[in-house]
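Below: the structure, in structure tokens.
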Amino acid sequence: MSSTPDAAPAVALAGSADLFGLSPVIPVVVVERVEQAVPIARALVAGGVPVIELTLRTPVALDAIRAIAAEVPEIVLGAGTVTTPGAARASAAAGARFLVSPGCTPSLLAAMTETGLPFLPGTATVSEALAVLETGHTAMKFFPAEASGGAAYLGSLSTVVPDARFCPTGGIGPANAGSYLALPNVGCVGGSWLTPKDAVAAGDWDRIRSLAAEAAAARG
Ligand code: 3PG
């Protein structure tokens with residue numbers, strides 16, 4: 001498979017905050033088989049979502065990142081579920097252009113910074129958001145969003161940590177994405193609902209394209 005001949009290259013990212021402007025939703029994607037990766041990425045782009053967070057949750061994840069980097073240059077490709085410094089480095093080497101972690105430690109934060117890539121470190125509390133802000137980094141993930149207090153909780157952070165801007169993820173879908181996107185401290189949301197497990201297993205790329213098209217129109 002080769003890349004689409006007339007596809008425009010993915011937009012350049014100047015910094016982590018640029019991740020918020022790509023799409024209202026960053027699709028969080030799990031692939032069990034490497035050959036699923038490229039069709040998923042193409043279906044997302046076809047639906048108007050030019051970004052993908054490929055999670056490091058399966059043994060094929062780094063190969064999937066390599067495949068998308070080679071075959072779908074028009075998508076902004078990130079690695080998700082980055083939980084160790086080694087995973088941050090391996091993701092960058094495989095071709096990821098941004099990194100997302102579900103939580104963060106000083107060594108993980110340092111390793112993600114050292115890759116030179118934009119990244120969204122995971123936070124769930126005021127103290128964690130403050131710790132990330134102390135490093136000069138303002139863009140972060142809020143995870144697990146619904147279980148941590150949802151849009152009401154996240155909205156209340158905007159008064160005490162107004163410089164932090166979040167990508168809430170975890171338990172978000174079409175029914176509640178709008179309540180997050182309407183918050184002043186939310187840049188975009190993340191979620192796995194664009195790539196349902198059954199659609200991926202069945203190779204139903206058209207369903208993924210259509211879910212992406214709905215998500216692309218979701219800006220609150
Ligand atoms: C993540 O890795 O960000 C979450 O597991 C995605 O959460 P969701 O499956 O509830 O969208």
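The values are calculated or read from the model by the stated rules, or taken from the named source; none is laboratory data. Computed from a predicted structure; not experimentally measured. As a convention, Cβ positions derive from the backbone with ideal geometry for all residues, glycine included, and neighbour counts pool all protein chains shown.
If you scan segment 93-110, which residues turn out to be hydroxyl-bearing (Ser, Thr, Tyr) and away from the ligand (no atom under 16 Å from the Cβ)? Passing the criteria: 105, 107. Restricting 43, 37, 79 to those that are in contact with a Leu (Cβ under 6 Å, 6 or more places away or on another chain), small (Gly, Ala, Ser) and at pLDDT 95 or above reduces the list to 79.
Quick one: which of 184, 168 is under 20 Å from residue 98 (Cα atoms) and at pLDDT 95 or above? Let's see the steps before the verdict.
Working: 184 fails: under 20 Å from residue 98 (Cα atoms).
Answer to the check: 168.
Quick check on my filter: what residues within segment 1-34 are modelled with pLDDT under 85 and charged (D, E, K, R)?
Answer for segment 1-34, where residues must be modelled with pLDDT under 85 and charged (D, E, K, R): just 6.
A Cβ distance below 9 Å, combined with a sequence gap of six or more or placement on separate chains, defines the contacts here; from segment 11-25, residues that are in contact (Cβ under 8 Å) with a residue 40 or more places away in the chain reach residues that are among the acidic types (Asp, Glu) and surrounded by 16 or more Cβ atoms within 10 Å (Cβ to Cβ) in the pairs 11/18.
Pick from segment 173-197 the residues that are more than 10 Å from the ligand (Cβ to nearest atom), hydrophobic (A, V, I, L, M, F, W, C) and touching a helix residue (DSSP H, G or I) at 6+ places or on another chain (Cβ under 7 Å): which of them is farthest from residue 207 (Cα to Cα)? Looking at the filtered set, the residue picked out is 183. Of all residues in segment 184-220, exactly one satisfies the criterion of being free of Cβ contacts under 8 Å to residues at least 60 places away in the same chain, surrounded by 19 or more Cβ atoms within 10 Å (Cβ to Cβ) and not polar (S, T, N, Q), namely 186. Scanning segment 98-130 for residues that are among the small types (Gly, Ala, Ser), touching a residue at least 24 places away in the same chain (Cβ under 8 Å) and closer than 22 Å to residue 170 by Cα yields 101, 103, 124, 129. Out of 32, 114, one residue alone is over 18 Å from residue 191 (Cβ atoms) and more than 16 Å from the ligand (Cβ to nearest atom). It is 114. When residue 104 is tested against the conditions (1) under 15 Å from the mean Cα position of the chain (by Cα); (2) of a type outside the set (Val, Ile, Thr); (3) surrounded by 17 or more Cβ atoms within 10 Å (Cβ to Cβ), the lone failure is (1).
If you go through segment 63-92 and keep only what is without any contact (Cβ under 8 Å) to a residue 40 or more places away in the chain and either within 15 Å of the ligand (Cβ to nearest atom) or touching a strand residue (DSSP E or B) at 6+ places or on another chain (Cβ under 8 Å) (or both), you end up with 64, 65, 68, 69, 79, 81, 82, 83, 87, 88, 91, 92.
Has segment 43-56 got at least one residue that is more than 21 Å from residue 169 (Cβ to Cβ), more than 15 Å from the ligand (Cβ to nearest atom) and over 16 Å from the mean Cα position of the chain (by Cα)? Checked segment 43-56: at least one residue is more than 21 Å from residue 169 (Cβ to Cβ), more than 15 Å from the ligand (Cβ to nearest atom) and over 16 Å from the mean Cα position of the chain (by Cα). Among the criteria (1) within 16 Å of the ligand (Cβ to nearest atom); (2) out of contact with any strand residue (DSSP E or B) (no Cβ under 9 Å at 6 or more places or on another chain), the one residue 160 does not fulfil is (1).
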